[in-house]
Structures are given as C-alpha cells and as structure tokens.
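J.: This is the structure I want to talk about, given as structure tokens.
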Amino acid sequence: MVDHETLNSLDDLFMETEHDKLPVGWTGGEAKHSGGGIWIREFTNEDRQLRVTYGLSGNSPGVGIDDIKWDDGYEMYIPTDTLESVSSPDNDEEKFAAAMDLMQRANKGEFQ
C-alpha cells in the first residue's frame, strides 16, 4: 500500500527530472487515489483525446497512453484503446520521464 503522504508532488518531479513543465495541451499529474488503496498519476489532453497513466504502488510497473472518449453516463473520459505501454520504469521519477516522453511524442502526432 502506498503512503500518500510520502508521494512526490508534481513540482518535486519537475525538480528531480530534466523537465520544467508539462507539454502543451496536457493537464494533471498530481498523485490521486483511484480507489481500493491504488494511487496513480494521470495526464490528459482533451483536445487530442489522449491520457497517459501510471500506478504509484511498487507492484504496478509501466506507463501507458490511451485513446479516451467522453462518456455522458459516467460524466468522465474513459479509455477506449491502449496505444502504447512502456514496461520498464519502476519508480515515480522514471515513470514520470517515460510519461513525459509519451506526451511529447503525442504532441508530435505519433499517436493519431
């Protein structure tokens, strides 16, 4: 189980990596509880209808980018297809760097 009090803030991740802000059009990134003791980071680009997500618990490897669509019934974006996943990162800083790479690649049109 993840102790949310010890999780890096988004500002901490920027300071610990070579990045200083999210790519244009992307929002999110703060640690959030998704239920059942599971903590994640998710970054959303509503214009491109893409989401990058990763888990913060020690046993949730990898980072993924998904197509998303708005669901009126749930009143939220839901994933419709996983476009790519990166399985090797295993800590928050490495996952954040992989997430940034996926977002930058998406902004260059790689996931259309």
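J.: Using only the Cα atoms of the chain, what do you get for the radius of gyration and for Dmax, in Å?
T.: When restricted to the Cα atoms of the chain, Rg and Dmax are 13.5, 40 Å.
J.: Quick one: longest stretch of the chain between exposed loop trypsin sites (Lys or Arg not before Pro), exposed meaning at most 12 other C-beta atoms within 10 Å and loop per DSSP?
T.: Numbers: sites that count: LYS21, LYS108.
That gives 22-107 as the longest site-free run.
J.: What does the helix-only formula give at 222 nm for the chain: each DSSP H stretch with n ≥ 4 adding -39500 (n - 2.57), the total divided by the residues, and the result rounded to the nearest 500 deg cm²/dmol? Don't jump to the answer; show the numbers that get you there.
T.: On the way: 2 runs with 23 residues, N = 112.
It lands at -6500 deg cm²/dmol.
J.: Also: Report the extension gain between VAL24 and LEU10 in nm, rounded to one decimal, defined as 0.36 nm multiplied by the number of residues separating them, less their alpha carbon distance.
T.: Working: separation 14, 0.36 × 14 = 5.04 nm, distance 1.59 nm.
Between VAL24 and LEU10, full extension yields an extra 3.4 nm.
J.: Using a 1.4 Å probe, what is the accessible area per residue for region 70-112, in Å²?
T.: I get 64 Å² per residue for this part.
J.: Mind listing which GluC sites (Glu not before Pro) in region 35-112 are in a DSSP loop and have 10 or fewer other Cβ atoms within 10 Å?
T.: Details: sites: GLU42, GLU46, GLU75, GLU84, GLU93, GLU94, GLU110; in loops: GLU46, GLU75, GLU110.
Those that pass, being in a loop and sparsely packed, are GLU75.
J.: Leaving out ligands, DNA and RNA, and with a 1.4 Å probe, what % of the accessible surface on the chain is carbon or sulfur?
T.: After summing per-atom areas, the C and S share lands at 46 percent.
J.: Could you pull out every one of the lysines with an alpha carbon less than 17 Å from that of LYS95, ignoring same-chain neighbours closer than 8 positions?
T.: LYS21, LYS32
J.: Related question: Which whole-number percent gives the relative contact order of region 1-83, counting Cα pairs below 8 Å spaced six or more residues apart? Provide the component values of the computation, followed by the final result.
T.: On the way: 128 pairs, mean separation 15.4, N = 83.
Worked out over region 1-83, it gives 19 percent.
The values are calculated or read from the model by the stated rules, or taken from the named source; none is laboratory data. The shown structure was predicted, so the numbers you read here are calculated from the model rather than taken from an experiment. Heads up, the Cβs are rebuilt from the backbone with ideal geometry, glycines too, and the neighbour counts pull from every protein chain shown. Surface areas here come from the heavy atoms of the whole protein model, side chains and all, with no ligands, DNA or RNA. Shrake-Rupley method; radii C 1.70, N 1.55, O 1.52, S 1.80 Å.
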